[in-house]
Structures are given as C-alpha cells and as structure tokens.
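Input: a single structure, listed below in structure tokens.
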Amino acid sequence: MSIALVGGINRLERHYISEAEKFGISLKVFTKSESEITSKIKHMDAVVIFTNKVSHRAKNEAMAVANDNNIPVLMRYSHGICTLRDCLNCLKDNSSAFQRRF
C-alpha cells in the first residue's frame with residue numbers, strides 16, 4: 001500500500017516514514033509545496049492531510065487529485081506521529097474497503 005502524506009513538519013519526516021514502515025506501508029511525504037504534486041499523488045492508494053501544517057494550495061491540489069482519481073482521503077488537524085499512527089491503523093483496518101474502490 002502506498003500513501004501520500006501532505007503537510008506535517010520537515011524534522012518529523014523520517015519519523016513519519018519509519019512509522020509507516022512498521023505497518024508495511026510505503027509513505028511519500030510532502031511537507032512543503034512542490035511542483036507536480038498532482039502527478040505524484042494520483043497513483044497512491046490513499047492520502048493523509050495534516051491540515052494545521054499545510055498550505056491551502058497544497059491541500060486543495062491534493063483534494064482535487066484524490067477526488068479525480070477516487071483516492072480515499074483522511075484529514076486530521078494534528079501533525080504528530082500518534083496522529084499518523086491512528087490514520088495508518090484506520091487505513092490498514094479498512095484496506096479491503098479501499099481496494100474495492102479502485
């Protein structure tokens with residue numbers, strides 16, 4: 001399973017990735033606005049957005065590409081490792097439901 005994380009803090013990026021690896025999930029982190037974010041997200045299985053640490057433009061781009069490609073999105077206000085862990089648990093528990101959408 002491949003997941004995109006939009007938002008968060010630069011210094012926690014390696015911790016985000018490490019936590020995802022514990023779940024057997026490949027995580028691509030976008031902590032700042034990047035060019036071509038839409039092409040990088042459109043092949044992901046899910047998108048997690050940390051709304052308190054992301055620009056409106058990046059959030060809107062991620063939401064648009066997720067909606068266009070029928071990709072599930074989880075939005076959380078907090079940006080910590082525990083929040084990511086909760087999102088990963090939710091995605092892992094419902095992975096069969098998400099797989100049916102593709």
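Throughout, read-outs are computed from the coordinates displayed, never taken from laboratory work. Please read these numbers as outputs of a predicted model, since none were measured by experiment. Every residue, glycine among them, receives a Cβ derived from its backbone with ideal geometry; neighbour counts consider all protein chains shown.
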Exercise for review: Please get the size of the charge dipole for the chain, origin at its Cα centre, with Cβ charges of +1 on Lys and Arg and -1 on Asp and Glu, quoted in debye to the nearest 20.
Suggested key: 120 debye
Study note, to complete from the structure: Total charge of the residues flanking L84 in space, meaning their Cβ is under 10 Å from its Cβ, with Lys and Arg +1 and Asp and Glu -1, is 0
Point to revise | Computed helical MRE - 222 nm, the chain, DSSP H runs ≥ 4 contributing -39500 (n - 2.57), nearest 500 | key: -13000 deg cm²/dmol
**Study point:** Sequence of F30, F50, F23 once ranked by neighbouring C-beta atoms within 10 Å, starting from the fewest
**Key:** F23, F30, F50
Revision key, fill the gap. The chain: relative contact order from alpha carbon pairs under 8 Å, six or more residues apart, as a whole percent, is 31 percent
Revision key, fill the gap. Sorting V54, V29, N94 by the position of each Cα along the dipole of the chain (Lys, Arg +1; Asp, Glu -1; all at Cβ), the one nearest the positive end of that ordering is V54
Check your understanding: Size of the chain along its principal axes in angstrom, Cα-based, largest extent first?
Key -> 31, 29, 19
